[in-house]
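Chemist: Take a look at the following structure, please.
What follows is calculated from the coordinates using simple rules that are stated; it is not laboratory data. These numbers were taken from a predicted model, which means no experiment stands behind them. Don't worry about glycine lacking a Cβ; one is built from the backbone with ideal geometry, like all the others, and counts go over all protein chains shown.
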Amino acid sequence: MSDWRSFWDSEHSIYVNARHKDVHYREIAEQIAAFVPGPDTRVLDYGSGDALHADLVAAVAAEVMLCDAAPSVRAAMAVRFAANPRIAVLSPEEIEALPDARLDLIVTNSVAQYLTGDELARLLALFRRLLTPSGTLIFADVIPPDVGTVSDVSALLRYAAKHGFLVAALVGLAKTTVSPYRKIRSTLGIAQYTEAEFMQRLAAAGFAAERLARNMEHNPARMTFRARPV
């Protein structure tokens with residue numbers, strides 16, 4: 001594998017078992033739903049992954065668009081939500097073709113670390129164009145420079161103990177040393193930002209932003225930002 005899109009489009013073991021995957025996507029969906037201001041809201045979950053519980057968001061919004069770069073992930077979501085008229089599955093190219101001010105809420109979780117600086121700038125410019133003047137962008141799970149493997153492992157083990165998959169998490173961590181994820185991460189690296197650096201990125205793209213007190217993901221050392229067009 002030579003890029004992150006190929007990795008996410010393959011069979012991988014990021015989630016140590018079905019329990020881990022279900023809990024993760026349920027919690028993310030519940031948090032996205034909490035950001036929905038009203039029943040007329042048009043939502044985009046960009047970099048959604050499998051989005052197993054997107055129906056929880058659709059239950060409180062008018063429209064939910066799910067976008068993932070991996071074709072196999074999109075295909076599975078399209079089947080999963082085929083009977084839900086409020087949920088649409090789109091490719092990144094289809095998102096780019098949407099008209100201006102099409103969305104009220106955009107959420108992107110655990111995406112920033114896989115983008116180059118130029119890719120992040122282009123994505124923020126796209127989000128700025130797609131949001132209504134009163135819309136909101138939630139950019140979650142941004143990794144600070146001082147947060148590394150020890151923090152990630154500790155957070156995962158606490159999360160696993162809380163939700164009943166600790167043994168599977170320990171086994172999964174042992175497998176990580178030879179996993180494709182470890183190899184591609186060591187080759188491509190990941191992007192990390194201080195709070196000030198990411199705020200500056202958002203401001204340069206035309207947003208007024210704040211860091212939220214709680215990260216959307218299970219690692220509290222990572223950052224979530226709320227931004228609005230200015």
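Chemist: Go ahead and run the numbers for FRET between Ala203 and Val153, Cβ-Cβ distance against an R0 of 41 Å, rounding to 0.05. Spell out each step's value before the answer.
Modeler: Working: r = 33 Å, r/R0 = 0.81.
Taking R0 as 41 Å, the efficiency between Ala203 and Val153 is 0.80.
Chemist: OK, next. Expressed in nm to one decimal, what extension gain is obtained for the pair Asp100 and Glu30 from 0.36 nm per residue of sequence separation less their Cα-Cα distance? Write down the numbers at each step before the final one.
Modeler: Numbers: separation 70, 0.36 × 70 = 25.20 nm, distance 2.73 nm.
In short, 22.5 nm is gained.
Chemist: What is the helix-to-structure angle for 195-204, meaning the angle in degrees between its Cα long axis and the longest Cα principal axis of the chain, kept from 0 to 90 and rounded to the nearest 10?
Modeler: The angle comes out at about 30 degrees.
Chemist: Under Stokes-Einstein, with the Kirkwood radius over Cα pairs standing in for Rh, what whole-number D in µm²/s applies to the range 1-137 at 25 °C and 0.890 mPa s?
Modeler: D = 160 µm²/s.
Chemist: Summing +1 for each Lys or Arg and -1 for each Asp or Glu, what net charge is found among the other residues whose Cβ lies under 11 Å from the Cβ of Glu217? Intermediate values should be presented prior to the final figure.
Modeler: On the way: positive: Arg214, Arg222; negative: Glu27, Asp141, Asp152.
Residues near Glu217 contribute -1 overall.
Chemist: Right, something else. Can you give the FRET efficiency for Ala213 and Asp118, using 1/(1 + (r/R0)^6), R0 = 25 Å, r = Cβ-Cβ distance, to the nearest 0.05? Walk me through the intermediate numbers first.
Modeler: Working: r = 30 Å, r/R0 = 1.22.
Using R0 = 25 Å, I get an efficiency of 0.25.
Chemist: Kindly rank 150-157, 58-65 from highest to lowest mean number of other beta carbons found within 10 Å of each residue. Before the final figure, lay out each step's value.
Modeler: Details: 150-157: 15.1, 58-65: 20.4.
Put in order of decreasing packing, that is 58-65, 150-157.
Chemist: So, one more: Taking Cα atoms, how many degrees apart are the long axis of helix 18-35 and the longest axis of the chain, rounded to 10 and kept between 0 and 90?
Modeler: Its long axis makes an angle of about 30 degrees.
Chemist: Give me the net charge for the shell around Pro133: Cβ to Cβ below 13 angstrom, other residues only, Lys and Arg +1, Asp and Glu -1. Spell out each step's value before the answer.
Modeler: Working: positive: Arg102, Arg128, Arg129, Arg228; negative: Asp100, Asp104.
Around Pro133, the surrounding residues sum to +2.
Chemist: Could I have the simple spin-label model distance between Ala62 and Val167, label points 7 Å from Cα toward Cβ, reported in nm to one decimal?
Modeler: The two pseudo-label positions are separated by 5.0 nm.
Chemist: So what's the angle, to the nearest 10 degrees on a 0 to 90 scale, between helix 117-130 and the longest Cα principal axis of the chain?
Modeler: 40
Chemist: Tell me the net charge near Leu56. Cut-off is 15 Å between Cβ atoms, Leu56 excluded, with +1 for each Lys or Arg and -1 for each Asp or Glu.
Modeler: Around Leu56, the charge tally is -4.
Chemist: When only Cα pairs under 8 Å and 6 or more residues apart are kept, what is the percent relative contact order across the range 4-229? Before the final figure, lay out each step's value.
Modeler: Working: 374 pairs, mean separation 47.9, N = 226.
Once divided by the residue count of the range 4-229, the mean separation gives 21 percent.
Chemist: According to the Kirkwood expression over distinct Cα-Cα pairs, how big is the hydrodynamic radius of the range 4-229, in Å? Present the calculation step by step, with values, prior to reporting the outcome.
Modeler: Working: mean 1/r = 0.0555 Å⁻¹.
Evaluated over the range 4-229, this radius sits at 18.0 Å.
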